[in-house]
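These notes are about the structure you will find just below.
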Amino acid sequence: MSEFALEVKNLVKKYPGHGGEGEKVAVDNISFSVKKGEFFGFLGANGAGKTSTISSIAGTGIFQSGSIKVFGYDVVGDYREARKKIGISSQEFNIDIFAKPREILYFVGGFFGLPKKERLARIDYVFHEFGLEKYADTPFRALSGGYKRRVMLARAMVHDPELIILDEPTSGVDVELRHELWRILKELNKSGKTIFLTTHYLEEAERLCERIGIIFNGKIVALESKAELIKDGKTVEDHYLHYAGLQKNGSNSNH
């Protein structure tokens, strides 16, 4: 078996142009891998190619060339097996806002083929893990922003995936809840789950991730362990701003 949870090789994803423009290249021939059990950060500005990469991994978007394997399963050729290995917590609340968390998780468990008894036990387990027992039958739209985020995480976890993809999981939550979610994510990783995190909170990436990839204009511009990135006394944010051409130290002549 492969030592990697995720292997992306020479991935190219394009979108059709508009108004006579040529195709837009969203992901430009990128390659990287994530080891089993790793906490991996994938950073980049809006439009850099993060979401296009995630949709390609999850099988919700078509890519033009390259290959992606999840625990050795090709995401195109072995779609069903690969998809079972993945849990996704999206930045957007792509959810029936009138449904109750228990209904949402029950439906997703069915989608992944969990038998009813196992499904109900798994729902109880993730509700307990994410502190959602009291809100199991509260309509999603009536929950606070923080508890909505917890439901998104619970939905990603209901089928017990091995690779958890988190797209801005703490977006819009207060500092206290962000730290609580960090604790939960660290524990998930400690239990053996591989985590692939995108975030705009660079402190979050520095706190949680063992290795970090930075993508700009569809290309990976840095791919190193956190220890390597911060060994010179700089922060992850310093490196990010450097690659974005926005040096924090004021060396950018436009500032």
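What the table shows:
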read-out: Residues of the stretch 122-173 satisfying the condition of being more than 16 Å from residue 191 (Cα to Cα) and acidic (Asp, Glu); value: 124, 133, 137, 167, 168
read-out: Check on residue 186, farther than 28 Å from residue 14 by Cα, charged (D, E, K, R), surrounded by 16 or more Cβ atoms within 10 Å (Cβ to Cβ) and in contact with a strand residue (DSSP E or B) (Cβ under 9 Å, 6 or more places away or on another chain); value: no
read-out: Given (1) surrounded by fewer than 18 Cβ atoms within 10 Å (Cβ to Cβ); (2) over 25 Å from residue 172 (Cβ atoms), index of the condition residue 241 fails; value: (2)
read-out: Test for residue 25: is it among the hydrophobic types (A, V, I, L, M, F, W, C) and either out of contact with any Gly (no Cβ under 6 Å at 6 or more places or on another chain) or part of a loop (DSSP other than H, G, I, E, B) (or both); value: no
read-out: Residue that is surrounded by the most Cβ atoms within 10 Å (Cβ to Cβ) [pool: residues in the stretch 150-179 that are part of a helix (DSSP H, G or I) and either free of Cβ contacts under 8 Å to residues at least 12 places away in the same chain or under 13 Å from the mean Cα position of the chain (by Cα) (or both)]; value: 152
read-out: Considering residues of the stretch 190-220 that are in a helix (DSSP H, G or I) and of a type in the set (A, V, I, L, M, F, W, C) only, the residue modelled with the lowest pLDDT; value: 202
read-out: Number of positions in the stretch 89-107 that are modelled with pLDDT of 95 or more and either β-branched (Val, Ile, Thr) or part of a helix (DSSP H, G or I) (or both); value: 7
read-out: Count - residues of the stretch 193-226 that are of a type in the set (Gly, Ala, Ser) and more than 30 Å from residue 159 (Cβ to Cβ); value: 3
read-out: Any hit, the stretch 161-176, residues being acidic (Asp, Glu), at pLDDT 95 or above and out of contact with any helix residue (DSSP H, G or I) (no Cβ under 7 Å at 6 or more places or on another chain); value: yes
read-out: Residue 33 touching a strand residue (DSSP E or B) at 6+ places or on another chain (Cβ under 6 Å), loosely packed, with under 15 Cβ neighbours inside 10 Å and over 22 Å from residue 201 (Cα atoms); value: no
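Here's the yes/no breakdown for (1) among the aromatic types (Phe, Trp, Tyr); (2) closer than 27 Å to residue 224 by Cα; (3) crowded, with 16+ Cβ neighbours inside 10 Å:
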position	(1), (2), (3)
2	no, yes, no
9	no, yes, no
12	no, yes, yes
53	no, yes, yes
63	yes, yes, yes
70	no, yes, yes
80	no, no, no
84	no, no, yes
92	no, no, no
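The values are calculated or read from the model by the stated rules, or taken from the named source; none is laboratory data. All values reported here derive from a predicted model rather than from experimental measurement. Don't worry about glycine lacking a Cβ; one is built from the backbone with ideal geometry, like all the others, and counts go over all protein chains shown.
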